[in-house]
Amino acid sequence: MKLDLDKLRAIFTQDAGADRVVPPTGHTAWLTLFAAGAMAFLAVFALALSLATSRLADRWGDALARSSTLRISAPEGQRLAQTDAALKVLQTTPGIATARALTSEEQRALLAPWFGPDLPVESLPIPQLIEIIEDHAGYDAAGLRLRLAAEVPGAVLDDHTRWRAPLVRAASRLRLMGWVSLILIGGTVAAIITLAANAALAANAQVIGVLRLVGARDKYISQAFVRRFTLRSLGGAAIGTVLGSIAVGLLPRTEAGGGFLTGLGFQGWHWLLPLIIPLLSGAVAYAATRAAAQRTLRDMP
């Protein structure tokens, strides 16, 4: 570890005159700055996507895991009696915190998005819904279904398992896509900087040959390229990170409805995570330029 720190210290404290072997302007400089900045900008959004989908998966999982619905499908004359019987069963079931029958107004509000607000719930054969909220321990769904089948024949329990699993799985895949995007962004930065470093080395082949004639070692020449391209990548990534963070900060805030597109911003200490992006970009540039410089110098006559 000490050896690596010494190498990094040597790069950033190297004689600035060595930078003359690297073109200070030109397409390689702008390519490195633009690539690092653009990739850092995209990395901020990929990071925000990963964190947002992680929060979304937790929110969907927790919200649906703690609630269930009991549906009473019975003739009009038996519905009230079966609802009371189901409530008694639920109140004596371990793991259930609360259970209450939804009112006609609440059921109308649930159906309003599909049928409109003027749906005549009282005149339609709509099942009675009972909302179940479980405690932290949870209840035995299989055992409850057996009790309900024996005591309330018209009751159907929906513990939201079939709804929760696909939602959480979808959010988890989105989170994975965010992290894969970060890896691809890092690989793209490495590829572009490698190409830029190779172009700079090829353009300065004659200068490098003269330096070798006057006694300059390949390590000295390599460090000049590594230093210049690492600093360019750090600068470009810092600009891209700042612009990306500002863009994320301008996104709409999370609404009470829990809309996904309104919760893509960073929250709390997560705002510190984008600060890692320029450092990672500099590390990628250091490794890519060092490997490219050593390989190219080794192949030069």
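The values are calculated or read from the model by the stated rules, or taken from the named source; none is laboratory data. Just so it is clear, the structure is predicted and the values come from calculations on it, not from any experiment. Every residue, glycine among them, receives a Cβ derived from its backbone with ideal geometry; neighbour counts consider all protein chains shown.
Of the residues Ala165, Ala190, Ala256, which is modelled with pLDDT under 80, assigned to a helix (DSSP H, G or I) and small (Gly, Ala, Ser)?
Just one listed residue meets the conditions, Ala165.
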Select from the range 281-301 the residues that are surrounded by fewer than 19 Cβ atoms within 10 Å (Cβ to Cβ) and more than 15 Å from Thr32 (Cα to Cα) and list them in ascending order. Ala291, Gln294, Arg295, Leu297, Arg298, Asp299, Met300, Pro301
Note on Asp84: of the conditions (1) modelled with pLDDT of 85 or more; (2) surrounded by 17 or more Cβ atoms within 10 Å (Cβ to Cβ), unmet is (2)
Cβ contacts < 6 Å: first residue outside the structural domain of Ser104 (by TED's automatic domain parsing) and outside any loop (DSSP other than H, G, I, E, B), restricted to the range 117-142; second residue surrounded by fewer than 16 Cβ atoms within 10 Å (Cβ to Cβ) and at pLDDT below 80, any location; separation 6+ or different chain. Result? none
So in the range 200-230, with the set limited to residues that are in a helix (DSSP H, G or I) and free of Cβ contacts under 8 Å to residues at least 12 places away in the same chain, which one is nearest to the chain's Cα centre (by Cα)? Lys219
Could you identify the single residue in Gln294, Gln267 that is under 29 Å from Ala199 (Cα atoms) and at pLDDT below 90? Gln294
Anything in the range 165-218 that is hydroxyl-bearing (Ser, Thr, Tyr) and under 26 Å from Thr32 (Cα atoms)? List them, or say none. Ser181, Thr188, Thr194
Any idea how many residues of the range 164-220 are over 30 Å from Arg59 (Cα atoms) and aromatic (Phe, Trp, Tyr)? 1
Selected residue [farther than 29 Å from Leu42 by Cα and assigned by TED's automatic domain parsing to the domain that holds Ile277] from Ile208, Ile192, Ile185: Ile208
Arg169 - would you say it is over 24 Å from Gln107 (Cα atoms), out of contact with any Cys (no Cβ under 7 Å at 6 or more places or on another chain) and loosely packed, with under 14 Cβ neighbours inside 10 Å? yes
